[in-house]
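Here is the structure we will look at, set down as structure tokens.
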Amino acid sequence: MTYIPAPERYEQASFRRCGRSGIVLPPISLGLWQNFGGADVFETGRATIRRAFDRGVTHFDLANNYGPPYGSAEENFGTILKKDFAHLRNELIISSKAGWDMWPGPYGLGGSRKYLIASCDESLKRMGLDYVDIFYHHRPTPDTPLEETMGALVQLHRQGKALYVGISSYGPEGTRKAAEILRSEGVPLLIHQPSYSMLNRWIEHGLLDTLEELGVGCIAFSPLAQGLLTNKYLNGVPKDSRVSADNSSFSKDFLNEENLNRVRSLNELAKKRGQTLAQMAIAWALRDPRVTTALIGARNVAQLDDSLDALKNLSFSPEELKDIDSHAIEGGIDLWRSVSKE
Ligand SMILES: NC(=O)c1ccc[n+]([C@@H]2O[C@H](COP(=O)([O-])OP(=O)(O)OC[C@H]3O[C@@H](n4cnc5c(N)ncnc54)[C@H](OP(=O)(O)O)[C@@H]3O)[C@@H](O)[C@H]2O)c1
């Protein structure tokens, strides 16, 4: 069926400036890491993306190896773009990344120029695009000179294959150095993509200050801690859940009594605010104006709708914030593959 986007999609939509750049992003962005791959139901993903756009989500985040299998989320997204969004490209911010493993051998992961340039070309082909809006180095790779990795981003930028560049999961020092190298080449660092949630607050220890000083935006990924910060695990493990998937990125170990007690208590607070826990978790990530956008995942339209309703109440009282502070996990919670925070 032909997709006609909601004519009122920008009426209620608000946007937040990305650092000191000229670009604004929606407060909530949608990531295609999981649920949009070749192993998932294509029409569910398509409906979710259409719904997101209808509700003012203009930013979709991908990476070379999102799937499974690797590459299939970009392929599916390319098909959806062609079917539904061909005439809407200029209303979309589309990002991709390279850094984690993508193809066999030493040139299919890391931070080398060879890997990043080849991977970006392949991502463009899979999505049927001439350019991505943002291309990221996906994680710090200390075995590669930062000059080489940033040089590859500069090259993609100069070729017009990436309108803006970003980095993900770099610590404050690495971020500062990356920004300096890019600046010396006349390419601004637009954005940093770190993990951030009520349970995982590592970016408050230096990174957010660094980003503010450098004028770099922040897109906070996994604000729902992969689903832990929702009501879905309060009464056992549902069949349709990330935890129960094969080779899951979300280990059952995180569903221990201590964590579940934190979640139960946060859920009570969310109820008092008249929100679902997912909504409170997203609103909380956005309480700091230095966080440009919260990068969520969604299994289906119902989850997406619930999460987008977070925007109906973004304010917190000092007492609520104090209560939430008391639930943070010391040192954070590494719910995804561990990365160096140099
Ligand atoms: N740069 C990086 O290294 C990196 C790493 C990880 C992620 N990311 C980016 O961040 C994006 C989001 O990551 P994420 O998927 O981990 O984010 P998340 O928003 O923390 O978790 C999404 C999961 O939470 C559950 N969920 C979502 N909305 C819900 C709701 N309203 N009620 C109940 N459950 C709900 C679903 O779990 P179920 O599937 O169990 O239903 C969903 O798959 C990724 O797609 C990717 O773009 C980047």
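Computed from the coordinates by the stated procedures, all read-outs in this text should not be read as laboratory data. Nothing here was measured: the structure is a model prediction, and the numbers come from that model. Backbone-built Cβ (ideal geometry, glycine too); neighbour counts: all protein chains shown.
The table that follows gives values for the structure above.
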item	result
Cβ-based charge dipole, the chain, positive-most Cα from Pro172, Ile23, Trp103	Ile23
The chain, dipole about Cα centre (Lys/Arg Cβ +1, Asp/Glu Cβ -1), debye to the nearest 20	540
Residue-span extension gain [Ser265 to Glu204] - 0.36 nm each, minus C-alpha spacing	19.7 nm
Overall dimensions of the range 16-325 as given by Cα atoms, namely Rg and Dmax in Å	18.8, 53
